[in-house]
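In what follows, a single structure is set out as structure tokens and then discussed.
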Amino acid sequence: MKIIVSMKQAPARDSLLRINPAGTWIQEDDLGFEINEPDAYALEAALQLKEKNSGEVIALCAGPARAAQTIREALAKGADRAIHIEEANARALDPLGLARLMAKAIEPEKPDLILTGLQSDDLGYGQTGVILAELLGLPHATIIMQVVVENGSIRVKRELEDGWFQHVEMPMPALLTIQSGISKLRYATLMGIKKAKTKEIKRLTAAELGTPAAPSIEMSRIYAPVRAKQAQIFEGNPKEAAAKLVEKLRFEARVI
């Protein structure tokens, strides 16, 4: 089976983030970058499916030239080849524009399965995967915790709220968005790193795929949340104070 894994390069999780002078995004010049964590779990799920059912895994990444580092890491972990959509301003695209580019790159491959992470660590839209499925006319399911291939179809386990799960049978081809923590991530071996240097990376440009329209979402300003400490004393007997506390937690803090 042929599996395509959509991957994104995101700022390293331990990076010190600073807002750029324009206040429109973070400063990226001195940041380290890595595979977006949810996408790393999608790659792991694809590699495990390949090991059980044979076939090939193709890493798909849209981003600037530095995204080649993320692609090489995916190849070192076991992906067979990769497609790099070279787009310096990929972050500025909205999920629809990005999904359109990806759909054009995917169509000639005719994969049996497309896996994406649930969302990106930096923007967190959580929409690109499902939009991509719609553009390709594929059935899809989200928040996937388990994938089993059965007689040309798949059976997936979806995570719901309050500890509930849903099991769904789907035909292939299909698209799944993978939940973080689906399994333990593997490390790239020394042999894998050596082999990655010889694996194919197909490079495409946005112009070749049809430059997307202007984004319908504009990032006007980002800022750090205001930190403030506040204490409130509830008067009355313990029962009355507890009732007031529950009311505050439910309707103001919205944590229960």
>> Testing I114 on (1) out of contact with any Ser or Thr (no Cβ under 6 Å at 6 or more places or on another chain); (2) crowded, with 19+ Cβ neighbours inside 10 Å; (3) among the hydrophobic types (A, V, I, L, M, F, W, C); (4) assigned to a helix (DSSP H, G or I), one condition comes back false. Which one is that?
In response: (4)
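Taking segment 1-35 as the region of interest, how many residues are in contact with a helix residue (DSSP H, G or I) (Cβ under 8 Å, 6 or more places away or on another chain) and either buried (at least 20 other Cβ atoms within 10 Å of the Cβ) or not aromatic (F, W, Y) (or both)?
Total satisfying the criteria: 13.
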> Looking at (1) surrounded by fewer than 16 Cβ atoms within 10 Å (Cβ to Cβ); (2) of a type outside the set (G, A, S); (3) free of Cβ contacts under 8 Å to residues at least 60 places away in the same chain, which is the only condition E159 fails?
Replying inline: (1)
> Restricting attention to segment 54-79, which residues are in a strand (DSSP E or B) and either under 11 Å from I4 (Cα atoms) or of a type in the set (A, V, I, L, M) (or both)?
Replying inline: E56, V57, I58, A59, L60, C61, A62
> Do we have G192 as modelled with pLDDT of 85 or more, surrounded by 10 or more Cβ atoms within 10 Å (Cβ to Cβ), in a loop (DSSP other than H, G, I, E, B) and out of contact with any Pro (no Cβ under 6 Å at 6 or more places or on another chain) here?
Replying inline: no
> Within segment 201-243, how many residues are more than 25 Å from Q127 (Cα to Cα) and part of a loop (DSSP other than H, G, I, E, B)?
Replying inline: 12
>> So for segment 215-231 (the condition being surrounded by fewer than 12 Cβ atoms within 10 Å (Cβ to Cβ), closer than 30 Å to R100 by Cα, among the small types (G, A, S) and at pLDDT below 80), does at least one residue qualify?
In response: yes
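The values are calculated or read from the model by the stated rules, or taken from the named source; none is laboratory data. Given the structure is predicted, the values throughout are model-derived calculations rather than measurements. So basically every Cβ, Gly included, is an ideal-geometry build from the backbone, and we count neighbours across all protein chains shown.
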